[in-house]
Amino acid sequence: MTPEQLASLARLRRARDVMDREYASPLDLAVLARVALMSEGHFSRQFRETYGETPYSYLMTRRIERAKALLRLGEMSVTEVCMAVGCTSLGSFSARFTELVGETPTAYRARGHGPLKGVPGCIAKELTRPSRAPGRGGAAREAADR
């Protein structure tokens with residue numbers, strides 16, 4: 001890799017780290033592009049090329065990942081979880097959750113999560129990570145957990 005490519009990758013990582021840390025904040029493409037010191041279009045293209053998904057898709061996956069953890073606890077309503085992870089539309093949240101997980105947030109919350117009891121959070125997060133890629137998690141992995 002050239003020095004320029006390494007610098008670009010570091011800036012993309014910085015923006016991805018912001019999404020990982022501040023997933024519940026109102027992050028839009030303009031904010032993330034500024035973090036990466038790139039124009040919005042260039043940032044979006046570079047992010048997709050580097051990580052295989054759009055910045056929005058990556059951010060929503062992080063939000064759904066956190067939502068799953070909150071729903072497993074069962075202490076919050078689906079609407080409260082939706083807002084806690086930074087989503088402002090319950091309908092969009094539910095649709096994306098269902099797309100990535102394979103069941104509605106309500107069904108996921110109601111289902112027993114006994115096999116994950118006592119599993120450290122960092123391991124549970126990896127085991128239940130939502131993904132569109134077949135065989136990497138998401139609906140396929142969730143079906144195997146049932």
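The values are calculated or read from the model by the stated rules, or taken from the named source; none is laboratory data. Everything quoted here is computed from the prediction, not taken from an experiment. Methodologically, a virtual Cβ is constructed for each residue, glycine included, from the backbone with ideal geometry; neighbour enumeration extends over all protein chains shown. Side chains included, ligands, DNA and RNA excluded: accessible areas come from the protein's heavy atoms. Shrake-Rupley method; radii C 1.70, N 1.55, O 1.52, S 1.80 Å.
Only one entry of Glu40, Glu53, Glu75, Glu65 meets the criterion of being of a type in the set (Asp, Glu), closer than 23 Å to Phe93 by Cβ and free of Cβ contacts under 8 Å to residues at least 60 places away in the same chain, and that entry is Glu75.
In the range 35-146, counting only helices (runs of 4 or more DSSP H) that sit wholly within it, the ones holding 2 or more residues that are modelled with pLDDT of 90 or more and either open to solvent by less than 60 Å² (accessible area, probe 1.4 Å) or at positive phi (or both) span 40-51, 55-73, 78-84, 90-101, 105-110. When the range 45-93 is examined, which residues are found to be under 16 Å from the mean Cα position of the chain (by Cα), more than 19 Å from Leu27 (Cα to Cα) and among the small types (Gly, Ala, Ser)? Of everything in the range 45-93, those that are under 16 Å from the mean Cα position of the chain (by Cα), more than 19 Å from Leu27 (Cα to Cα) and among the small types (Gly, Ala, Ser) turn out to be Gly52, Ala69.
Beta carbons closer than 9 Å, at least 6 apart along the sequence or on distinct chains, pair a first residue in the range 1-24 that is more than 17 Å from Val85 (Cβ to Cβ) with a second that is open to solvent by 100 Å² or more (accessible area, probe 1.4 Å) and in a helix (DSSP H, G or I) for Ala15/Arg34.
Inside the range 1-31, can you point out the residues that are in a helix (DSSP H, G or I) and within 15 Å of the chain's Cα centre (by Cα)? Residues satisfying the conditions are Ala15, Arg16, Asp17, Val18, Met19, Asp20, Arg21.
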